[in-house]
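Let me begin by presenting the structure, written as structure tokens, before commenting on it.
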Amino acid sequence: MPLPVTDVTLLKAYLAGVMQRADHHANEVEMIALALTGAIIWKKDADRDIEVMQQQGETKNVLWVYIHGSRYAFSYNHAAKAIEMREGTTRGAILHSFSNGTTLSDLHAVFALL
């Protein structure tokens, strides 16, 4: 069940978990995850909470956000070694993939168009 991220403390705790898991299992995304978090906060709809996946009281590497009324899902793909931005759900069309190889300019360009 999605957990609404309603304050910075909760977002910080979620990001700390993502960074810890990335440090152990996904070094390819630990740097871009920080920049991606900033881009998501920049563009998210003011009237909608960010949501993160929660299972058995623990947050997982899935985040949903509404930007200009459209829902996007961000999740780590182990095979691709990248964070995927998908349309609507974690099974939606892949719109973009982000890794430490993604430049900040490219990240900015993706979010500037949303």
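The values are calculated or read from the model by the stated rules, or taken from the named source; none is laboratory data. If you're wondering where the values come from, they're calculated on a predicted model, not measured in any experiment. Cβ coordinates were reconstructed from backbone atoms using ideal geometry, including for glycine residues, and neighbour counts include every protein chain displayed.
Go through the residues of segment 6-24 one by one and say whether even a single one is part of a loop (DSSP other than H, G, I, E, B) and of a type in the set (S, T, Y).
From segment 6-24, those part of a loop (DSSP other than H, G, I, E, B) are 6-7; that's our starting set.
Imposing the further condition that a residue be of a type in the set (S, T, Y) reduces the set to 6.
Yes - at least one qualifying residue is present in segment 6-24.
Looking for whichever is more than 19 Å from H108 (Cβ to Cβ) and exposed (fewer than 12 other Cβ atoms within 10 Å of the Cβ) here; the options are A80, A16. Which one fits? Before the answer, list the steps.
Numbers: A80 fails: exposed (fewer than 12 other Cβ atoms within 10 Å of the Cβ).
Going through A80, A16 in turn, the sole match is A16.
Just the residues that are touching an Asp or Glu at 6+ places or on another chain (Cβ under 6 Å) and of a type in the set (D, E, K, R), please, taken from segment 31-86.
Within segment 31-86, K81 is the sole residue that qualifies.
Can you go through T102, T89, T59, T37 and tell me which one is under 20 Å from L3 (Cβ atoms), modelled with pLDDT of 95 or more, out of contact with any Pro (no Cβ under 9 Å at 6 or more places or on another chain) and among the polar types (S, T, N, Q)?
Values: T102 fails: under 20 Å from L3 (Cβ atoms); T59 fails: modelled with pLDDT of 95 or more; T37 fails: modelled with pLDDT of 95 or more.
Exactly one residue qualifies, and that residue is T89.
So how many residues does segment 36-48 have that are more than 20 Å from T102 (Cβ to Cβ) and in contact with a Phe, Trp or Tyr (Cβ under 9 Å, 6 or more places away or on another chain)? It would help to see each step written out before you state the result.
Start the filter on segment 36-48 by keeping residues that are more than 20 Å from T102 (Cβ to Cβ), which leaves 45-48.
This time we only want the ones that are in contact with a Phe, Trp or Tyr (Cβ under 9 Å, 6 or more places away or on another chain), so: 45, 47-48.
Looking only at that region, the number is 3.
Please tell me if M53 is in contact with a Lys or Arg (Cβ under 8 Å, 6 or more places away or on another chain) and either closer than 24 Å to K81 by Cβ or not in a helix (DSSP H, G or I) (or both). Working first, answer last.
Working: in contact with a Lys or Arg (Cβ under 8 Å, 6 or more places away or on another chain): yes; either closer than 24 Å to K81 by Cβ or not in a helix (DSSP H, G or I) (or both): yes.
Yes.
How many residues does segment 78-100 hold that are over 22 Å from K12 (Cα atoms) and either without any contact (Cβ under 8 Å) to a residue 12 or more places away in the chain or in a strand (DSSP E or B) (or both)?
9
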